Amino acid sequence: MSADRSPAPVSHARMAALSRLPAFFALEHKRAVVAGGSQAAAWKAELLSAAGARVDVFSPAPADDLLALVTAPPNGAIVIHRRRWAKNDFAGAAIAVADCADDGEAAEFAAAARAAGVPVNVIDRPAFCDFSFGAIVNRSPLVIGISTDGASPVFGQAIRARIEALLPKGFARWAEAARTWRPRVQALTLPFRSRRDFWERFTQRAVAAPNAAPSDADLEALLRQPPPYPPPLAGEGRVGAASAAPRDRRRW
């Protein structure tokens, strides 16, 4: 036969181009540097504190919003240094943010941060930024970030509001339960399929009762619950289960 019987190449879905790579900084107990005393700088200091960072703010004239944050930070401590930042202030920092008056100051701040190996954001000056802040939906530890790559922050905020309305606040409790239960599930040394089934059942329960308060009784019930797929008939293999699309197995 003259026909080519070689198998056709398999087509895999590929990620389309991204204007930004979504990434989430782990800042708990790490140090953050904020330069500037404006309301914009205060908002960034509040955000970094909420993420658990210890925030050092450098400003000769901090706004009232900044002064109020010092006495009631959302999470990590905020300390105000009433002076301009210096190059040695970046030592040991995990992240640096500034509200700068002009491009010259922005370039100086960004260069000093990068020389110390610290990723930098200069508010409203993307040319000097290693990363950007997006709109945030907070159901921590479930966190959703939204970016328009600076094209329309108002549009991003509108999308955030829509997601806020759709996403039950109780998902925060379920996400926290998942974080608490994961080591206990992993300690059972279950095979991959059983772990996958457990988290599928967990997800079904969370979606069905998003505002319930998960408890150890839920964990025990989930562990006792049979898998969601029917057992094979006598003589049958597990082709049905195996034919599912490939999944990321690293985190189950």
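Go through region 137-150 and give me each residue that's surrounded by fewer than 16 Cβ atoms within 10 Å (Cβ to Cβ) and of a type in the set (Val, Ile, Thr).
Matches in region 137-150: 143 only.
Give just the number: which of (1) farther than 17 Å from residue 26 by Cα; (2) in contact with a strand residue (DSSP E or B) (Cβ under 7 Å, 6 or more places away or on another chain) does residue 145 not satisfy?
Evaluating residue 145 over (1) farther than 17 Å from residue 26 by Cα; (2) in contact with a strand residue (DSSP E or B) (Cβ under 7 Å, 6 or more places away or on another chain) leaves (1) as the failure.
Just name the residue that is farthest from residue 137 (Cα to Cα) out of those in region 30-68 that are hydrophobic (A, V, I, L, M, F, W, C) and over 26 Å from the mean Cα position of the chain (by Cα).
61
All but one of (1) open to solvent by 50 Å² or more (accessible area, probe 1.4 Å); (2) under 19 Å from residue 21 (Cα atoms); (3) touching a residue at least 24 places away in the same chain (Cβ under 8 Å) hold for residue 153; state the number of the condition that does not hold.
Every listed condition holds for residue 153 apart from (3).
Under 6 Å between Cβ atoms, which residue pairs at least 6 apart in sequence (or on different chains) link something in region 15-43 that is modelled with pLDDT under 95 with a partner that is in a strand (DSSP E or B)?
Once the first residue is modelled with pLDDT under 95 and sits in region 15-43, its partners that are in a strand (DSSP E or B) give 22/145.
Please work out which one of (1) under 19 Å from residue 102 (Cα atoms); (2) in contact with a Lys or Arg (Cβ under 9 Å, 6 or more places away or on another chain); (3) among the small types (Gly, Ala, Ser) is the condition residue 53 fails and give its number.
For residue 53, the failing item is (1).
Taking region 120-134 as the region of interest, how many residues are acidic (Asp, Glu) and at pLDDT below 95?
Looking only at that region, the number is 1.
The values are calculated or read from the model by the stated rules, or taken from the named source; none is laboratory data. Since the structure is predicted, the reported quantities are computational estimates derived from the model, not experimental observations. All Cβ positions, glycine included, derive from the backbone under ideal geometry; neighbour counts span all protein chains shown. Calculation scope for accessible area: heavy atoms of the full protein, side chains included, ligands and nucleic acids excluded. Shrake-Rupley method; radii C 1.70, N 1.55, O 1.52, S 1.80 Å.
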